[in-house]
Amino acid sequence: MDGRAGWRGRARAAVRDEVSAHAWALFAQQGYEATTVEQIAEAAGMSPRTFFRYVASKDELLLERLLEHGPAVADRLAGAAPDLPAWRALRDALDAVVVPQDADAAQVRPLVTMLRDEPAVRAATAERRHRWEQLLAPVLAARLSVPGAAVTADDARVLALAGAALACLDAAQLAWVGRPAERLADLLDAAMGAVSPL
C-alpha cells in the first residue's frame, strides 16, 4: 500500500510540475491576468475539470513557484562558514536564486517584468518576501548569537538584515529587466554593496 501511495504522490507531483511549466510559459508570453485556467489546461493537454483535480487555482501556481527557492537560500545560509559575516553569508546564499536566473535569463526576464507590472501578482510577491524572511530569520538569529547572548528570530537586527537582503534582490531583479547585457549576480553585488556601508 505504501509503495502505491508513494507512486501516486510522485505521479501527482509530476503532473503538477508539468501544469506549472505550461502556466509559467503562458504567463511569460501574455501576462498573468490575461492567462486563463482554460488556456493552462489546454496547454497541458487536460480539461479545466482535470486541472482542478491537481491545482486549486492559477494563484496557487504563482505562489508555489515564487516560494520554491526559499528553502535553498535558507539551507545555503545555514551552511555558510561560521566566521563569515552575516551580510556576506546572505549574499552568497542568494546565489541559490541568482545563478539559475542568470543561466535562464531569456525565460526569466519576462516573468520578472510580469511580477513588476501586474497589480494582480503584488500580493503573491509580498507573501513570498514574508515567507522567505520567516525562513531566513532563525538561521540569521543562530549566526548572530554568541555564548551568553542568544539572538531570537524576532530581533530587529535579524529582521532588518533579512528584509534588506531581499529588498536588494528585488532591486537587482528590477534593474536586470532593462539591462539585458548585465548579469543579475553583478547587479545584486552592486545593490548589496551600496547597502553594506550603511
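The values are calculated or read from the model by the stated rules, or taken from the named source; none is laboratory data. Since the structure is predicted, the reported quantities are computational estimates derived from the model, not experimental observations. Cβ atoms come from the backbone with ideal geometry, glycine included; neighbour counts cover every protein chain shown. To get the accessible areas, we keep the full protein, side chains included, count just its heavy atoms, and leave off ligands, DNA and RNA. Shrake-Rupley method; radii C 1.70, N 1.55, O 1.52, S 1.80 Å.
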Where in region 1-119 are there helices (runs of 4 or more DSSP H), lying fully within it, with 1 or more residues that are small (Gly, Ala, Ser)? 2-30, 37-43, 70-78, 86-93, 95-103, 105-117
Scan region 125-148 and give yes if some residue there is assigned by the TED database to the domain that holds Ala86, modelled with pLDDT of 90 or more, touching a Lys or Arg at 6+ places or on another chain (Cβ under 7 Å) and open to solvent by less than 80 Å² (accessible area, probe 1.4 Å), otherwise no. yes
If you go through region 41-56 one residue at a time, do you hit one that is outside the structural domain of Gln107 (by the TED database), within 17 Å of Met114 (Cβ to Cβ) and either open to solvent by 60 Å² or more (accessible area, probe 1.4 Å) or touching a residue at least 12 places away in the same chain (Cβ under 8 Å) (or both)? yes
Selection within region 167-190 - open to solvent by less than 30 Å² (accessible area, probe 1.4 Å) and touching a Leu at 6+ places or on another chain (Cβ under 8 Å): Cys168, Leu169, Ala172, Gln173, Trp176, Leu188
Which members of region 57-77 meet the condition of being within 24 Å of Arg116 (Cβ to Cβ) and of a type in the set (A, V, I, L, M, F, W, C)? Leu61, Leu62, Leu63, Leu66, Leu67, Ala72, Val73
Report yes if Leu62 is open to solvent by less than 40 Å² (accessible area, probe 1.4 Å) and either in contact with a Lys or Arg (Cβ under 6 Å, 6 or more places away or on another chain) or under 27 Å from Ala162 (Cα atoms) (or both), otherwise no. yes
